[in-house]
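First comes the structure, then the notes that go with it.
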């Protein structure tokens, strides 16, 4: 039997944004819940102060900053809501302690091929040095085909064992907008040179999450539990919204996008996170506004599912020998309601029967409308 211990949740506040209690958040460029900028590779002549001030001037919400070197930390301490560490920083204890001492929330990206125990130990070191506001971020490992594969199983294990919010870094899966300002350079380390912990290549051992909380080497060059059949195709090149949906379904508390990602990408990822989160994440709002926001998210998911169901009903009516209201199958509808009641026992069969009758009739009416005025 597994000895896994599920820790108490430790939500983290980033300005007015809470991560780890409520919906999955999106941190990235325009259209996200919070912005983050990287001081790596910023234009020549642009100081760290100017780069952060520019982001602040364009965005009133939370701003997270990734330093290029230790010299950037005093600037970040004075004007950021959180600090993002490059994956290579995870294995540099002195740099990590310096980041933690800023007194800001730390978003700790996992170094490629780092075992779960290493990742959690680095987070514990940050918490001991700072104020315990640590977020974990799964960035993935390199694969033989040059992409990144997110380890969703490892991400789930980290969340359960630490209680800390866990984010999924989609940076390798979305193209950045070069005109949007400074962006991260995944090939650079803390001092702007070659990363000390670059992506694992072919044959490089990758970590696998186990129920006992250990990270063991699989030796496959790709991480076990990386989401195959779960929103990725094993190459690490699945589109952002699909991977975002898989990550949220796996328990991600947030998604990290490239600082220069296009607004359309951020909005698409945010929509995927909201819709999937409404189904997979249970919320316990403590105020009327928060409860209404949670209801709005569930209603958005309902709208998408109801429209999809209606379209399928139209297809069925076109295929049935006897369509329309005359072709309704009362026995099938009763079985449908009974099966739904198994999943929704609080509502029960009587309430669900009334709801589903309205849903079924809406689909039939749509089918009739399509027959009378077929679309091109």
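The values are calculated or read from the model by the stated rules, or taken from the named source; none is laboratory data. Just so it is clear, the structure is predicted and the values come from calculations on it, not from any experiment. Here the Cβ positions follow ideal geometry from the backbone for every residue, glycine too, while neighbour counts run over all protein chains shown.
Couple of notes before you dig in:
- Inclusion of residue 7 among residues that are in contact with a helix residue (DSSP H, G or I) (Cβ under 9 Å, 6 or more places away or on another chain), surrounded by fewer than 22 Cβ atoms within 10 Å (Cβ to Cβ) and not assigned by TED's automatic domain parsing to the domain that holds residue 160 is warranted.
- Subset of the stretch 73-88 (residues that are part of a helix (DSSP H, G or I) and closer than 22 Å to residue 19 by Cα): 76, 77, 78, 79, 87
- Selection from the stretch 24-53 of residues that are out of contact with any strand residue (DSSP E or B) (no Cβ under 7 Å at 6 or more places or on another chain), buried (at least 18 other Cβ atoms within 10 Å of the Cβ) and not in a loop (DSSP other than H, G, I, E, B): 48
- Count of the stretch 342-356 residues which are assigned to a helix (DSSP H, G or I) and in contact with a helix residue (DSSP H, G or I) (Cβ under 8 Å, 6 or more places away or on another chain): 5
- Residue within the stretch 304-312 that is in contact with a helix residue (DSSP H, G or I) (Cβ under 8 Å, 6 or more places away or on another chain) and crowded, with 17+ Cβ neighbours inside 10 Å present: yes
- Checking each residue in the stretch 101-121 for being closer than 20 Å to residue 70 by Cβ, in contact with a strand residue (DSSP E or B) (Cβ under 8 Å, 6 or more places away or on another chain) and surrounded by 24 or more Cβ atoms within 10 Å (Cβ to Cβ) picks out 105, 106, 107, 108, 109.
- The residues of the stretch 263-290 include none that are surrounded by fewer than 20 Cβ atoms within 10 Å (Cβ to Cβ) and in contact with a strand residue (DSSP E or B) (Cβ under 8 Å, 6 or more places away or on another chain).
- Residue 56 vs. criteria in contact (Cβ under 8 Å) with a residue 12 or more places away in the chain, touching a strand residue (DSSP E or B) at 6+ places or on another chain (Cβ under 8 Å) and part of a strand (DSSP E or B): no
- Residue check for residue 333: surrounded by 15 or more Cβ atoms within 10 Å (Cβ to Cβ), farther than 18 Å from residue 307 by Cα and over 34 Å from the mean Cα position of the chain (by Cα): no
- Selection of the stretch 81-123 for residues being free of Cβ contacts under 8 Å to residues at least 60 places away in the same chain and over 22 Å from the mean Cα position of the chain (by Cα) yields 93, 94, 96, 97, 98, 99, 100, 101, 102, 103, 121.
- Residue selected from the stretch 275-322 under the condition assigned to a loop (DSSP other than H, G, I, E, B) and farther than 22 Å from residue 247 by Cα, by the criterion modelled with the lowest pLDDT: 322
- Among the candidates 137, 126, residue that is at pLDDT 95 or above and either assigned to a strand (DSSP E or B) or closer than 14 Å to residue 12 by Cβ (or both): 137
- Total residues in the stretch 223-257 satisfying the condition of being modelled with pLDDT of 50 or more and over 21 Å from residue 277 (Cβ atoms): the figure is 0.
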